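Enquirer: Got a structure here, written out as structure tokens. Questions coming.
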Amino acid sequence: MERIVSLPIFITKEGNWFVACCPILDIATQGRTEEEVKQNIRDLIEEYMKDPDTYKPPIDAIVSSSVVMTTISVRIDDVKYSKTSTLASA
């Protein structure tokens, strides 16, 4: 049975690339444009769901998952910024 399911996707820009991740499925991909990365993550999710050898949460758990988007305030004092981000290399 085919279902249409809305999943949360986070897209960031890292250098010249857009990176999309789906935290519920713990998968990610990249693309040169925002539209390309959206298509890439859509294709990746469809392939992931079809792959019989990949563990997947039950579809009911995926559908009933709720995601709360929030922000937090953080104090940042005297931070020295470099040209290269340590996050990108982590």
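The values are calculated or read from the model by the stated rules, or taken from the named source; none is laboratory data. Keep in mind it's a predicted model, so treat the numbers as computed, not measured. Positions of Cβ are generated from backbone atoms using ideal geometry, with glycine treated the same way; all protein chains shown enter the neighbour counts.
Enquirer: I'd like to verify a number: residues in the stretch 12-28 that are in contact with a Ser or Thr (Cβ under 9 Å, 6 or more places away or on another chain), more than 11 Å from R42 (Cα to Cα) and surrounded by 13 or more Cβ atoms within 10 Å (Cβ to Cβ), how many?
Expert: 3
Enquirer: Tell me the strands (runs of 3 or more DSSP E) entirely within the stretch 1-63 that contain at least 1 residues that are of a type in the set (A, V, I, L, M) and touching a Gly at 6+ places or on another chain (Cβ under 8 Å).
Expert: Once the strands (runs of 3 or more DSSP E) in the stretch 1-63 are filtered for at least 1 residues that are of a type in the set (A, V, I, L, M) and touching a Gly at 6+ places or on another chain (Cβ under 8 Å), what remains is 17-22.
Enquirer: Sticking with this one: Name the residues in the stretch 51-89 that are modelled with pLDDT of 85 or more, under 17 Å from I24 (Cβ atoms) and of a type in the set (V, I, T), would you?
Expert: Across the stretch 51-89, the qualifying residue is only T54.
Enquirer: Does I9 meet the test of being surrounded by 13 or more Cβ atoms within 10 Å (Cβ to Cβ) and without any contact (Cβ under 8 Å) to a residue 60 or more places away in the chain?
Expert: Yes.
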